[in-house]
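The values are calculated or read from the model by the stated rules, or taken from the named source; none is laboratory data. Predicted model only: the values in this text are computed from it and were never measured. Positions of Cβ are generated from backbone atoms using ideal geometry, with glycine treated the same way; all protein chains shown enter the neighbour counts. When the accessible area is computed, the model is the full protein with side chains, heavy atoms only, and any ligands, DNA or RNA have been set aside. Shrake-Rupley method; radii C 1.70, N 1.55, O 1.52, S 1.80 Å.
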Amino acid sequence: MTVRIAKFIADTGVASRRDAEQMIADGRVALNGETVTSPVCFINPDVDTVTIDGVVVKPRDVSRLYAFHKPLNTMTTTRDPAGRKTIYDCLAPQYKNLRYVGRLDYKTTGLLLMTDDGELAQKLSHPSSRIERTYIATVNSTDFSKLDAARAGITVDGIKYRPMKIDVIGTNVLRVTVTEGKKNEVRIVLRACRCPVRHLRRISFGPIVLGNMAVGEIKQIPQKTIDELLKSI
């Protein structure tokens with residue numbers, strides 16, 4: 001089976017696809033000893049040899065998945081044009097090539113999955129996976145009379161959101177479970193229900209839970225749990 005060379009490099013975890021394309025443009029990538037001049041190049045990982053700066057890029061043997069406790073006021077991106085702190089500023093060097101599974105916004109904390117497998121990241125974050133993600137939301141309201149609209153499925157500014165599971169667990173604290181992963185969906189829907197979010201923390205992604213992980217901590221997920229997660233898709 002053939003694959004674009006930039007995707008192959010990205011899937012090994014050596015670099016992002018964008019960075020791989022830049023490496024190609026810089027003349028750093030070779031295929032079977034010949035410098036690659038275009039990212040529109042297909043390879044067969046089983047028979048072809050790819051090198052970067054003369055070093056062989058080996059196919060990934062095992063996909064690795066990690067749980068990361070994302071700190072407050074960090075961007076889920078590799079670099080931020082506004083110069084704000086990113087999640088990669090909080091990670092040790094050996095984790096810098098991991099890619100995130102979906103996103104948590106700047107003000108949202110909690111469980112963020114990261115992996116060295118681009119295909120796995122896409123599979124887990126795609127809305128069709130319907131993987132449950134659970135959040136604890138502290139809101140600026142004690143009036144929860146409008147929440148049934150969110151529980152039934154609501155349309156906000158022309159965008160339809162799937163039904164959410166919402167439980168009141170404190171005076172102004174909600175436990176919210178979603179299965180879609182649209183951008184800022186919990187904040188948008190709760191605001192539409194007159195419960196604007198003051199603080200939001202994700203505590204689980206499928207069978208993977210944040211538990212008592214310290215802020216900024218990262219730990220590898222056992223293969224058994226990964227298999228369980230994939231079976232739920």
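Return yes when Ile24 is open to solvent by less than 70 Å² (accessible area, probe 1.4 Å), of a type in the set (A, V, I, L, M), in a helix (DSSP H, G or I) and in contact (Cβ under 8 Å) with a residue 40 or more places away in the chain and no when it is not.
no
May I ask you to verify whether Asp167 is surrounded by fewer than 14 Cβ atoms within 10 Å (Cβ to Cβ) and either over 25 Å from Lys123 (Cα atoms) or among the small types (Gly, Ala, Ser) (or both)? First the steps, then the outcome.
Details: surrounded by fewer than 14 Cβ atoms within 10 Å (Cβ to Cβ): yes; either over 25 Å from Lys123 (Cα atoms) or among the small types (Gly, Ala, Ser) (or both): yes.
Yes: the conditions hold for Asp167.
If you go through segment 58-66 one residue at a time, do you hit one that is out of contact with any strand residue (DSSP E or B) (no Cβ under 7 Å at 6 or more places or on another chain) and over 30 Å from Pro222 (Cβ atoms)? No, segment 58-66 contains no residue that is out of contact with any strand residue (DSSP E or B) (no Cβ under 7 Å at 6 or more places or on another chain) and over 30 Å from Pro222 (Cβ atoms).
As for segment 58-72, it holds no residue that is without any contact (Cβ under 8 Å) to a residue 40 or more places away in the chain and of a type in the set (Val, Ile, Thr).
Conditions tested, residue by residue: (1) buried (at least 21 other Cβ atoms within 10 Å of the Cβ); (2) at pLDDT 95 or above.
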| position | (1), (2) |
| --- | --- |
| Gly118 | no, no |
| Thr142 | no, no |
| Ala150 | yes, yes |
| Pro196 | no, yes |
| Gly211 | no, yes |
| Ala214 | no, yes |
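Scanning segment 61-91 for residues that are in a loop (DSSP other than H, G, I, E, B) and open to solvent by less than 40 Å² (accessible area, probe 1.4 Å) returns Ser63, Pro71, Thr74, Thr76, Thr77, Asp80, Leu91. Taking segment 180-201 as the range and being within 15 Å of Arg162 (Cβ to Cβ) and of a type in the set (D, E, K, R) as the test, the residues that pass are Glu180, Lys182, Lys183, Glu185. Can Gly158 be described as on the phi > 0 side of the Ramachandran plot, open to solvent by 50 Å² or more (accessible area, probe 1.4 Å) and not basic (Lys, Arg)? Here the answer is yes, as Gly158 does meet what is asked.
Residues in segment 92-108: is at least one open to solvent by less than 30 Å² (accessible area, probe 1.4 Å), among the hydrophobic types (A, V, I, L, M, F, W, C) and either free of Cβ contacts under 8 Å to residues at least 60 places away in the same chain or in a strand (DSSP E or B) (or both)? Looking for residues that are open to solvent by less than 30 Å² (accessible area, probe 1.4 Å), among the hydrophobic types (A, V, I, L, M, F, W, C) and either free of Cβ contacts under 8 Å to residues at least 60 places away in the same chain or in a strand (DSSP E or B) (or both), one finds none in segment 92-108, hence no.
So in segment 120-131, with the set limited to residues that are assigned to a loop (DSSP other than H, G, I, E, B) and farther than 18 Å from Tyr66 by Cβ, which one is least open to solvent (accessible area, probe 1.4 Å)?
Looking at residues that are assigned to a loop (DSSP other than H, G, I, E, B) and farther than 18 Å from Tyr66 by Cβ, I get His126.
Test Asp105 against the criterion of being under 18 Å from Ala6 (Cβ atoms) and among the acidic types (Asp, Glu), and give yes or no. Judged against the criteria, Asp105 is not a match. Tell me which residues, restricted to segment 28-43, are open to solvent by 40 Å² or more (accessible area, probe 1.4 Å) and in a loop (DSSP other than H, G, I, E, B). The answer is Arg28, Asn32, Gly33, Thr37, Ser38, Pro39, Val40.
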